[in-house]
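Below you'll find the structure, written out as structure tokens, and then a few comments.
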Amino acid sequence: MSDRVSCTIEDGVADVRLTRPEKRNAIDLAMFDALIDAAEALGRDPAVRAVVLSGVGRSFCAGLDRAAFEDMLGKGDAGGGSFAAGALGRRVGHMTSVAQHAVTAWSALAVPVIAAVHGHALGGGLQLALGADIRIVAPDAELSVLEIRWGLIPDMTGSQVLPGLVGLDVAKDLTFSGRTVRGEEAVRLGLATRLSDTPRQDALALAREIAAKSPSAIRSAKELLNLAGRVSFEEGLLAEQRAQRRLIGGADQIEAITAFVEGRPPRWS
């Protein structure tokens with residue numbers, strides 16, 4: 001796909017990898033663009049039923065490239081240099097910046113996205129992982145809302161997503177202190193979903209399991225779960241009813257029942 005992100009698709013599972021290992025997959029402007037391009041390409045592919053996002057080398061993603069901070073340091077104006085202009089000055093649609101869209105492009109995918117986190121997930125790298133539906137992390141992985149170290153705030157959706165995962169007080173603790181948590185604490189706090197000594201292998205196994213289920217039911221389930229807490233309870237119940245009516249008697253639902261009765265794996269259209 002690019003020299004920043006690679007993607008292979010097999011049996012409905014997209015294996016997406018950050019491919020800048022010499023920089024611990026640090027994010028530069030080219031990485032922002034590559035992440036967005038990859039997510040949007042997968043969103044257009046109806047054959048994709050689950051996505052695994054991981055990093056090549058020693059880390060998932062160590063956050064912004066050091067050169068970005070050097071660029072900011074060299075600018076006395078409030079603009080923050082060319083990196084800030086490229087990441088924050090450009091808009092995608094009417095709302096998100098390029099930096100934010102590098103995360104929201106993944107959370108907006110209709111299919112489940114699983115982040116496999118090892119090594120470091122720092123600052124923007126952690127926020128990228130938070131854009132996934134599920135995070136499988138290594139016990140020795142290091143995660144941090146690191147922006148405060150650089151006199152910044154999390155601006156890749158982190159300020160809005162983090163409180164919903166860990167609670168407002170914990171989100172403030174992590175953001176104000178910038179402290180590092182390892183895998184076990186990350187799971188306990190809600191930053192991560194589960195621990196694994198082999199996060200990528202387990203993420204791919206889970207993705208294959210998801211891809212074997214009804215594609216339309218999985219997409220509807222993700223849509224409904226993402227509504228929870230964002231709309232009223234009554235609106236959520238109505239959305240649930242509408243989704244179930246669409247599914248009942250549909251090709252995927254008929255195939256799910258038929259395959260179960262016949263004792264064979266389903267064959268999705």
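The table below lists the values:
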| read-out | value |
| --- | --- |
| Breaking point among (1) in contact (Cβ under 8 Å) with a residue 12 or more places away in the chain; (2) closer than 25 Å to Ser269 by Cα, for Leu189 | (2) |
| Among residues of segment 106-132, those that are assigned to a loop (DSSP other than H, G, I, E, B) and closer than 17 Å to Gly183 by Cα, counted | 4 |
| Residue in segment 131-139 that is without any contact (Cβ under 8 Å) to a residue 40 or more places away in the chain and under 17 Å from Val16 (Cβ atoms) present | yes |
| Near pairs, Cβ below 6 angstrom, 6+ apart or cross-chain, from segment 254-269 (within 12 Å of Ala212 (Cα to Cα)) to any residue that is small (Gly, Ala, Ser) and part of a loop (DSSP other than H, G, I, E, B) | Ala256/Ser214 |
| Selection count, segment 109-122, where residues are in contact with a Lys or Arg (Cβ under 8 Å, 6 or more places away or on another chain), farther than 8 Å from Phe60 by Cα and surrounded by 24 or more Cβ atoms within 10 Å (Cβ to Cβ) | 2 |
| Residue in segment 237-244 that is of a type outside the set (Gly, Ala, Ser), part of a helix (DSSP H, G or I) and in contact (Cβ under 8 Å) with a residue 40 or more places away in the chain present | no |
| For Ala207: the one exception among (1) closer than 19 Å to Gly125 by Cβ; (2) surrounded by 15 or more Cβ atoms within 10 Å (Cβ to Cβ) | (1) |
| Sole residue being of a type in the set (Gly, Ala, Ser) and under 18 Å from the mean Cα position of the chain (by Cα), chosen from Ala256, Ala212, Ala221 | Ala221 |
| Subset of segment 45-60 [farther than 20 Å from Ile134 by Cα and touching a residue at least 24 places away in the same chain (Cβ under 8 Å)] | Asp45, Ala47, Gly57, Arg58 |
| Residues within segment 5-64 that are among the basic types (Lys, Arg) and within 26 Å of Arg149 (Cβ to Cβ), tallied | 4 |
| Every residue from segment 57-70 that is surrounded by fewer than 14 Cβ atoms within 10 Å (Cβ to Cβ) and either over 16 Å from Ala30 (Cβ atoms) or modelled with pLDDT of 95 or more (or both) | Arg58, Glu70 |
| Residue match in segment 151-172 (condition: surrounded by 14 or more Cβ atoms within 10 Å (Cβ to Cβ), assigned to a loop (DSSP other than H, G, I, E, B) and in contact with a Gly (Cβ under 6 Å, 6 or more places away or on another chain)) | yes |
| Subset of segment 173-201 (residues that are buried (at least 16 other Cβ atoms within 10 Å of the Cβ) and of a type in the set (A, V, I, L, M, F, W, C)) | Leu174, Val181, Ala186, Val187, Leu189, Leu191, Ala192, Leu195 |
| Hits in segment 30-42 - residues which are farther than 30 Å from Ser214 by Cβ and either without any contact (Cβ under 8 Å) to a residue 12 or more places away in the chain or surrounded by fewer than 19 Cβ atoms within 10 Å (Cβ to Cβ) (or both) | Ala30, Asp33 |
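The values are calculated or read from the model by the stated rules, or taken from the named source; none is laboratory data. Remember, predicted model here, so these are calculated numbers, not experimental data. Neighbour counts are summed over all protein chains in view; Cβ atoms, including those assigned to glycine, are modelled from backbone coordinates with ideal geometry.
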